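Any read-out appearing in this document is the output of simple, stated calculations on the displayed coordinates, not a laboratory observation. In this text the structure is predicted, and so the values were computed from the model without any measurement. No Cβ is skipped: glycine too gets one built from the backbone with ideal geometry, and neighbour counts run over all protein chains shown.
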Amino acid sequence: MKRWNVAAVRAAKGVRRLGCCTAYDSCFARLADEAGVPIILVGDSQGMNCLGYETTLPVNMSDTLAAVAAVARGVKDALVVGDMPFGSYQCGDDEAVRNAVAVIKAGADAVKLEGGASVCGLIRRLVTAGIPVLAHVGMMPQSVNEYGGFRKQGKTREAAERVIADAKAVEEAGAFAVTLECIPSDLAAEITAALKIVTVGIGAGPHCDAQWLVMHDLLGLNEQVPSFVKKYSSLAGEVRGAFAAYVEEVASGAFPPPADGDGAK
């Protein structure tokens, strides 16, 4: 596959389902890219997976720009999407545009932001400025304090209608794709059928045009994962075992092995 871009993502709807994931550094981004992952999200989920936070909320622009730049350096073919961290676009549209420009300059091909009708004015400004936007509706992690936890959204018909309205609004505003997070499967199917743009599900069932998984979850680096996650590996145990073997071999004198001279090349 040649380099993924927004046009290629749009063209995939109804033709090919896309398996997409997060990455936060150059090494794992390169491996995902070489494996054919079409969209790599530099998510604010780095807060929990890399920075030791309990939510995405403490992640700031410095964290985001450093991770976006690292991922972009490791990628040749995937579309790199930079997550706009909490506070970077709630501060007024002018500042939000400046922050989005910084994410693009760091190496992202597009930005992602959370919200439905409330952010459509900003989406229009960004798209007009030449910045592709991947929207995000349903359960929005940056609103965790409002929800009182990470809770499924759209469970009643009234709530479902609000999610549908938000999805249609971001499409009309110019988003090229929309994340549907933690909503019922039948609602995700309804939205996917109603929209012309690609839907990317996470915890939203099998009917979306594409899927997200957090890299640390799918690789089994996180041992406790949400119920919708499938682990494609169990790296936590392997990594822990490798560290333990190294520590033991150094302690026993088995590593480093005897060598002629001082080992310098």
Query - Among VAL178, VAL250, MET139 the positive-end extreme of the charge dipole of the chain (Cβ point charges) - result: VAL178
Query raised in the report: Going by average Cβ neighbours within 10 Å, how do the peptides 42-54, 152-164 rank, with the highest at the top?
Result: 42-54, 152-164
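Work through the residues other than ASP44 whose Cβ is under 11 Å from its Cβ and net out their charges, Lys, Arg +1 and Asp, Glu -1. The partial results should precede the final answer.
Values: positive: LYS112; negative: ASP63, ASP83, GLU114.
Counting the neighbours of ASP44, the net charge comes to -2.
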Report summary line: For the stretch 26-165 the mean separation of alpha carbon contacts under 8 Å (6+ apart) over residue count, i.e. relative contact order in percent, is 20
Report summary line: Labelled set (1) 1.10; (2) 1.00; (3) 1.15; Cα Rg over 2.2 N^0.38 Å computed from this model equals the value at (1)
Requested in this report: Pull up the DSSP beta bridges for the chain and report the antiparallel fraction as a percent, rounded to 5.
Outcome: 5
Report task. Taking the Cα centre of the chain as origin, work out the dipole magnitude from +1 charges on Lys and Arg Cβ and -1 charges on Asp and Glu Cβ, in debye rounded to 20. Result -> 900
Query raised in the report: More than 20 Å apart: what percent of Cα pairs in the stretch 4-118 qualify?
Result: 41
Report task. With an 8 Å cut-off on Cα pairs and a minimum separation of 6 or more residues, tell me the relative contact order of the chain in percent. Result -> 15
Report task. Give me the angle, in degrees from 0 to 90, between the Cα long axis of helix 61-74 and the longest principal axis of the Cα atoms of the chain, rounded to the nearest 10. Result -> 70
Query raised in the report: Can you pick out the pairs among LYS13/LYS152; LYS105/LYS196; LYS168/LYS230; LYS13/LYS231; LYS155/LYS231; LYS76/LYS152 whose Cα atoms lie more than 31 Å from each other?
Result: LYS76/LYS152
